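S.K.: A single structure is presented below for examination.
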Amino acid sequence: MKLSGNRLLDYADLNALIRYYMMTMSEIDYRAMVISLKKEKNAVILAHNYQLPEVQDVADVIGDSLALSRSAAMSDADTIIFCGVHFMAETASIICPDKLVLIPDPDAGCSLASTINPRELKSWIAEHPDAVVVSYVNTSAEVKALSDYCCTSSNAVRIVNSIPSNREILFLPDMFLGSYVAKMTKRKNIFVWPGECHVHAGINAQDINDMLKKFNSADFLVHPECGCTSTTLYHISTGELQKSAHILSTEGMMKHALSSDAKQFVVATETGILYRMKKENPHKQFIPIKRDAICKYMKLVNLEKIRNSLVNSVFRVKVPPRTAAKARAAIERMLAIS
Ligand code: 13P
Ligand code: SF4
């Protein structure tokens, strides 16, 4: 705790100090409880790259949504504590139907996944009955079950390229990822759902240009969901922006940060990823493109809620078998190509 100037501690400062100390103590208590409970229950804790530092610190695996589901499938734990948002826990449950998958906070949703529901997708398909449906992983299990292919930010271009060029494609739900994929594959017959994530849509080309001027020797890492991705690609292709962008999933960003010789990185995604970046690369500097690029859903999970999940086996995420089978087929078609 910092005090301004050289003034002495007063009553309010002492109270604040006690509150700070108590908070740290309870965090330490929860951490110890979580670590011992997870052994006792043969549970594994999976945390997305955007989770709070206290959550990342107790996790067995940290990664992007698909890597976490793959870890869930490979684990011999009976219980998966999925620290992320709801659609990610659903994907884990689809991939490993025999495991108990728990999410510490059932309200951890995703603004992007909720831009399309099964009814809307059915009527879109009715307008394009011969189209191939490609869904980004940020979708509900029911939407995945209506899709031909799933995709992630790192394999979307490859999946679309594998589809015969004469077939129409319905790409959903992210319009930035969709327009990036259309540009990269040069397809004219791809229809993109107008969905967006409130966090990434808030990062715009102006934010990028300002930061890149300031940190002109830094590597620039950008998530394909960003509102700025298509504009940035356009500016680079016209030579207006003298910088190459590394368009990567959150795990792709982590790998790039480790392997690059650069000392500075401008990072255009949710700021939770910076904790792991700094921890794994203590001698490099990571600059968020926007300090308030924060996903409130990702921050709902904390140590107290993880402890509650372990003690009371809540909140179970279970996809009905028929929906799970169809959704699994879309995920497996993706895995066969990736
Ligand atoms: P990643 O799969 O790249 O981790 O992205 C998931 C997400 O929700 C991005 O906002
Ligand atoms: Fe969904 Fe956006 Fe949060 Fe990712 S950052 S989980 S896309 S709301």
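The values are calculated or read from the model by the stated rules, or taken from the named source; none is laboratory data. Keep in mind that this is a model prediction, so the values were computed, not measured. Cβ sites come from the backbone with ideal geometry, for glycine too, and all protein chains shown count toward neighbours.
S.K.: For the range 110-119, check the following and say yes or no: at least one residue is out of contact with any helix residue (DSSP H, G or I) (no Cβ under 9 Å at 6 or more places or on another chain), modelled with pLDDT of 95 or more and of a type in the set (D, E, K, R).
M.R.: Yes, some residue in the range 110-119 is out of contact with any helix residue (DSSP H, G or I) (no Cβ under 9 Å at 6 or more places or on another chain), modelled with pLDDT of 95 or more and of a type in the set (D, E, K, R).
S.K.: Within the range 76-94, take every residue that is more than 16 Å from ligand 1 (Cβ to nearest atom), of a type outside the set (Val, Ile, Thr) and more than 19 Å from Glu142 (Cα to Cα) and give me the one that is surrounded by the most Cβ atoms within 10 Å (Cβ to Cβ).
M.R.: Across the range 76-94, the extreme among qualifying residues is Ala77.
S.K.: If I ask for residues that are crowded, with 21+ Cβ neighbours inside 10 Å and farther than 21 Å from Ser71 by Cα, which ones from the range 245-273 would you list?
M.R.: Hits for the range 245-273 are Ala245, Ile247, Ala257, Phe265, Val266, Val267, Ala268, Thr269, Glu270.
S.K.: Quick check: is even one residue across the range 281-291 in a helix (DSSP H, G or I), surrounded by fewer than 21 Cβ atoms within 10 Å (Cβ to Cβ) and free of Cβ contacts under 8 Å to residues at least 60 places away in the same chain?
M.R.: No, the range 281-291 contains no residue that is in a helix (DSSP H, G or I), surrounded by fewer than 21 Cβ atoms within 10 Å (Cβ to Cβ) and free of Cβ contacts under 8 Å to residues at least 60 places away in the same chain.
S.K.: Return yes when Val267 is among the β-branched types (Val, Ile, Thr) and under 22 Å from Gln206 (Cβ atoms) and no when it is not.
M.R.: yes
S.K.: Out of the range 134-173, which residues are among the polar types (S, T, N, Q) and in contact with a Lys or Arg (Cβ under 8 Å, 6 or more places away or on another chain)?
M.R.: Listed by number, the residues that qualify are Ser135, Ser165.
S.K.: Can you spot a residue in the range 140-155 that is within 16 Å of ligand 1 (Cβ to nearest atom) and among the β-branched types (Val, Ile, Thr)?
M.R.: yes
S.K.: For Gly178, state whether it is touching a strand residue (DSSP E or B) at 6+ places or on another chain (Cβ under 6 Å) and either over 16 Å from Ala330 (Cα atoms) or surrounded by fewer than 18 Cβ atoms within 10 Å (Cβ to Cβ) (or both).
M.R.: Considered against the rule, which asks whether it is touching a strand residue (DSSP E or B) at 6+ places or on another chain (Cβ under 6 Å) and either over 16 Å from Ala330 (Cα atoms) or surrounded by fewer than 18 Cβ atoms within 10 Å (Cβ to Cβ) (or both), Gly178 comes out as yes.
S.K.: Another question, if that's okay. Does Asp148 satisfy the criteria of being among the acidic types (Asp, Glu) and within 24 Å of Met253 (Cα to Cα)?
M.R.: Against the criterion (among the acidic types (Asp, Glu) and within 24 Å of Met253 (Cα to Cα)), Asp148 does not qualify.
S.K.: Determine the pairs where a residue that is in contact (Cβ under 8 Å) with a residue 40 or more places away in the chain, located within the range 120-139, has a partner that is assigned to a loop (DSSP other than H, G, I, E, B) and away from ligand 1 (no atom under 16 Å from the Cβ) with Cβ atoms under 6 Å apart, the partner being 6 or more residues away or on another chain.
M.R.: If the second residue must be assigned to a loop (DSSP other than H, G, I, E, B) and away from ligand 1 (no atom under 16 Å from the Cβ), the pairs left are Leu121/Leu146; His128/Glu168; Ala131/Glu168; Ser135/Ser147.
S.K.: Further question on the same structure: Can you tell me how many residues within the range 217-244 are surrounded by fewer than 20 Cβ atoms within 10 Å (Cβ to Cβ), at pLDDT 70 or above and more than 20 Å from Met277 (Cα to Cα)?
M.R.: The qualifying residues number 1.
S.K.: Moving on. Hey, can you tell me all the residues within the range 292-337 that are surrounded by 19 or more Cβ atoms within 10 Å (Cβ to Cβ) and among the basic types (Lys, Arg)?
M.R.: Passing the criteria: Lys305, Arg307, Arg328.
S.K.: Give me the residue from the range 147-172 that is more than 15 Å from ligand 2 (Cβ to nearest atom), surrounded by 23 or more Cβ atoms within 10 Å (Cβ to Cβ) and not hydrophobic (A, V, I, L, M, F, W, C) and, out of that set, farthest from Met184 (Cα to Cα).
M.R.: Applying the filter and picking the extreme gives Ser147.
S.K.: State all residues of the range 36-75 that are outside any helix (DSSP H, G or I) and within 16 Å of ligand 1 (Cβ to nearest atom); if no residue qualifies, say none.
M.R.: Across the range 36-75, the qualifying residues are Leu46, Ala47, His48, Asn49, Tyr50, Gln51, Leu52, Ala59, Val61, Ile62, Gly63, Asp64.
S.K.: Can Ile159 be described as in contact with a helix residue (DSSP H, G or I) (Cβ under 7 Å, 6 or more places away or on another chain), in a helix (DSSP H, G or I) and more than 30 Å from Val44 (Cα to Cα)?
M.R.: Yes: the conditions hold for Ile159.
S.K.: Residue check, Phe171 against (1) of a type in the set (Phe, Trp, Tyr); (2) in contact with an Asp or Glu (Cβ under 7 Å, 6 or more places away or on another chain); (3) not in a helix (DSSP H, G or I), all met but one. Which one?
M.R.: All conditions pass for Phe171, except number (2).
S.K.: Being away from ligand 1 (no atom under 16 Å from the Cβ), of a type in the set (A, V, I, L, M, F, W, C) and outside any loop (DSSP other than H, G, I, E, B) narrows it down to one residue among Val267, Val311; which is it?
M.R.: On inspection, the qualifying residue turns out to be Val311.
S.K.: Within the range 130-146, is even one residue among the aromatic types (Phe, Trp, Tyr), part of a strand (DSSP E or B), buried (at least 24 other Cβ atoms within 10 Å of the Cβ) and in contact with a His (Cβ under 9 Å, 6 or more places away or on another chain)?
M.R.: No; the residues of the range 130-146 include none that is among the aromatic types (Phe, Trp, Tyr), part of a strand (DSSP E or B), buried (at least 24 other Cβ atoms within 10 Å of the Cβ) and in contact with a His (Cβ under 9 Å, 6 or more places away or on another chain).
S.K.: Please work out which one of (1) away from ligand 1 (no atom under 16 Å from the Cβ); (2) within 22 Å of Asn155 (Cβ to Cβ); (3) among the charged types (D, E, K, R) is the condition Arg291 fails and give its number.
M.R.: Looking at each condition in turn, Arg291 falls short on (2).
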